[in-house]
Amino acid sequence: MPETGDFKSEFLRNFVKRGHYYDCTDRDGLDGLLRKERVTAYIGFDCTAPSLHVGHAMQIMTLRRLQQAGHRPIVVMGGGTTKVGDPSFRNEARPLLSEEEIAANKQAILKSFRNFLTFGDGPGDAIMVDNAEWLDKLEYIPFLREIGRHFAIGRMLSMESVRAKLDYDLPFSFLEFNYSIMQAYDFLELYRRYGCRLQSSGSDQWGNIVSGIDLARRVENVQLFGLTTPLITTSSGAKMGKTAAGAVWLNPEMRSPYDYWQFWRNTEDADVGRFLRIFTDVADDEIARLEKLQGADLNEAKKILATEATAICHGRKAAEDAAETARRTFEEGVTAAGLPVVEMDWSAGDISGERGFRERSAAAILKGSGLATSLSDARRKIAEGAVRINDASISDPEKLYRASDAQPETGALKVQYGKKKIVLVKPV
RNA sequence: GGGGGAGUGUCCCGAGUGGCAAAGGGGGCGGACUGUAAAUCCGCUGCGUCAGCUUCGUUGGUUCGAGUCCAACCUCCCCCA
């Protein structure tokens, strides 16, 4: 990690202290600018999925910190760049998304930002733009003449993301090669439109950020700045939020606030302090106190981390509901109504055959709960003894339940896979 | 354009002799131990009313039988132009 130096601006001092800082293209320059005026800064987000995931949370928090320090954040939706596709650090050219998919993804992603940032027309309010606004309109020859001539092939080839492709003989088309130019052009365009002076992102975007700064210097003779954050991994080395089992989505339709809370609650001991600093607004001295806790006492800190991080993403109410549901479930051992509920059609015979009216096998229920992906999967999990229904351990996948087995408090069957995954299955 | 090589269980990497639901990793999930932690050990990781069914880039073909042989096509890589 590069030198952090002694920053004088409130924003950068805090940025370092909170663990967001990785590198900066011009430390003194940016530090001075931030002290002098309200700075407009942006981060771009591609629309490759219908939701952002916790891996993006670091970036969104950067914008939040900027806003807290009185600066103006711009969220740039990559409606245009996603059509090109970021080649960085991917082994394959990912299949091109259709324009419809990109548009749908963008619409779904927009909502995620509402709780992290305050949008509006005021001087420090966040704004959101889509780079398709200008990228879609580009004309090839004029663009090459105005912008393309400033890009030296030699230097582009030396960029880390490009070199990796070339060095390992990975597929790499001219289309992807242009991604970096598009991103550089974004920075220039944002400067022209909004006076944006700063681009932030993860450290993997360094090359693209620098390209934008160079371009703006040549074209507009202006000094722009870049600021990067470290790639977040857990202490065990795993990349955050992108497990094979499924990303930790920020969108509540794709991952409920309760499950989001659980994700943070299960943080490794060694990460608690670091995550509190990055992903919550908890005061520094309070974090200092929390991370000193030892052994099981550290669980208190994890609950605060979970609630605070969830509150920023899903709102205070949802976070406290999730905390309360977890408390009742795991500390009191009762069936809490706030657990995820899945409705299941019990109106006809057993879905897997005429086994009996309005009865469902344990395996079918487990599949219906979403905790198993198929009946085979459900049977396997039940046979392993990992499943409980209504708090009773079961081993027979064919054991039958009827709608009247629903627990009166919730009107649902309590289906549990493993120790932590609980879903209420409501017969409909 | 010419020559050579490669595409395996849809998370990734990767063995594979004509009899294979297909070795082995990693990752993930579950169990034990704990503190809803880490580490460690064990198990699971295509679908199915367990008879079977469908997987090895795509489509045809040879064969009792093909991931394995043949042909064409698609994609990628390397060398030559």
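How about segment A:45-70: which of its residues are open to solvent by 10 Å² or more (accessible area, probe 1.4 Å) and not in a helix (DSSP H, G or I)? Within segment A:45-70, A:ASP46, A:THR48, A:ALA49, A:PRO50, A:HIS53, A:ALA69, A:GLY70 qualify.
The number of residues in segment A:114-169 that are of a type in the set (Ser, Thr, Tyr) and farther than 30 Å from A:ALA104 by Cβ comes to 2.
Quick grid of which residues meet (1) modelled with pLDDT under 90; (2) touching a strand residue (DSSP E or B) at 6+ places or on another chain (Cβ under 6 Å):
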position: A:PHE143; (1), (2): no, no
position: A:HIS150; (1), (2): no, no
position: A:SER158; (1), (2): yes, no
position: A:SER173; (1), (2): yes, no
position: A:GLY195; (1), (2): no, yes
position: A:GLN199; (1), (2): no, yes
position: A:SER203; (1), (2): yes, yes
position: A:ASP214; (1), (2): no, no
position: A:LEU227; (1), (2): no, yes
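List the residue pairs whose Cβ atoms are under 6 Å apart, where the first residue sits in segment A:27-44 and is part of a helix (DSSP H, G or I), the second is small (Gly, Ala, Ser), and the two are 6 or more positions apart or on different chains. Pairs that qualify, where the first residue is part of a helix (DSSP H, G or I) and the partner is small (Gly, Ala, Ser), are A:ARG27/A:GLY5; A:ASP31/A:SER9; A:LEU34/A:SER9; A:ARG35/A:SER9. When we screen A:GLU286, A:GLU300 for residues that are at pLDDT 90 or above, charged (D, E, K, R) and open to solvent by less than 70 Å² (accessible area, probe 1.4 Å), the only hit is A:GLU286. Yes or no: A:VAL272 modelled with pLDDT under 90 and not acidic (Asp, Glu)? For A:VAL272, the condition - modelled with pLDDT under 90 and not acidic (Asp, Glu) - is not met. A:ILE127 meets the conditions (1) outside any strand (DSSP E or B); (2) over 17 Å from the mean Cα position of the chain (by Cα) in every case but one. The failed one is (1). Evaluate segment A:407-418: report whether one residue or more is farther than 20 Å from A:GLY338 by Cα and surrounded by fewer than 19 Cβ atoms within 10 Å (Cβ to Cβ). No, segment A:407-418 contains no residue that is farther than 20 Å from A:GLY338 by Cα and surrounded by fewer than 19 Cβ atoms within 10 Å (Cβ to Cβ). Between A:SER395, A:SER374, A:SER361, the distinction of being open to solvent by 70 Å² or more (accessible area, probe 1.4 Å), of a type outside the set (Val, Ile, Thr), touching a helix residue (DSSP H, G or I) at 6+ places or on another chain (Cβ under 9 Å) and within 13 Å of RNA strand B (Cβ to nearest atom) belongs to A:SER395 only.
Return yes when A:TRP134 is within 30 Å of A:GLU268 (Cα to Cα), among the aromatic types (Phe, Trp, Tyr), assigned by TED's automatic domain parsing to the domain that holds A:LEU34 and at pLDDT 85 or above and no when it is not.
no
The values are calculated or read from the model by the stated rules, or taken from the named source; none is laboratory data. Here the structure is a predicted model, which means the values were calculated and not measured. FYI the Cβ positions are ideal-geometry reconstructions off the backbone, even for glycines, and counts take in every protein chain you see. All accessible areas refer to the heavy atoms of the entire protein, side chains included, with ligands and DNA or RNA removed. Shrake-Rupley method; radii C 1.70, N 1.55, O 1.52, S 1.80 Å.
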